[in-house]
Amino acid sequence: MAAEGKFFGASKFDPRLISTQIVVMQAAFWFCFAGVYSIANWIIGAPQSLSQMFVGKGYTWATTPGLALACSLWATTFAMVAALRIVVERAKKCLDFVATYHIFHLVATCFVSGFPSELHWWVIHAAALIVAVVVGEYVCMLGETKAIKMGSKVSKAPAKRARRPLQQV
């Protein structure tokens, strides 16, 4: 019997695939975050500014724009769970990919506004990271544990009779 499961066997190290997955996850993160944050700004009547996503002092629950930014990041977390399921597919890789796009976001924030020293920034991002990892692993695990279809080597066609050599009389 041959196993036909998607995750059957050990996975090979493929740097091109991993690099592509990182780029796709990072693009999905910033695209979703920017979209959700733009909608949140429109709802609260704040001016549209994507640069606020990279300002450490902007992340706070003490102001309405800061709360909108935090809630946008948390909403993006659930979009990223769906992206993890589609792009990464493996539960054991969720922590790596979620940490990667959050680290890239930290680096971008450092370039734009310096190292974030505000506790709010760290708490908001840590909560988003933890939720994305836990829920992402759960969703990916559901995909991994689907039943593996087992193929059969037995042919559905009727068996052929073996030919016997002609006997000479």
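Read-outs throughout are calculated quantities, based only on the coordinates presented, and are distinct from any laboratory measurement. In this text, all values refer to a predicted model and were calculated from it rather than measured experimentally. As a convention, Cβ positions derive from the backbone with ideal geometry for all residues, glycine included, and neighbour counts pool all protein chains shown.
Quick notes
- In nm, spacing of pseudo-spin labels at Thr63 and Ser113 (7 Å Cα→C-beta vector): 0.8
- For Arg16 and Leu50, a Förster radius of 41 Å and the Cβ-Cβ distance give a FRET efficiency of 0.85, rounded to the nearest 0.05.
- Stokes-Einstein D (µm²/s) once Rh is taken as the Kirkwood radius of region 17-156 over alpha-carbon pairs, at 10 °C in 1.306 mPa s: 98
- Stretchable slack from Gln26 to Ile86, in nm (0.36 nm times residue separation minus alpha-carbon distance): 20.2 nm
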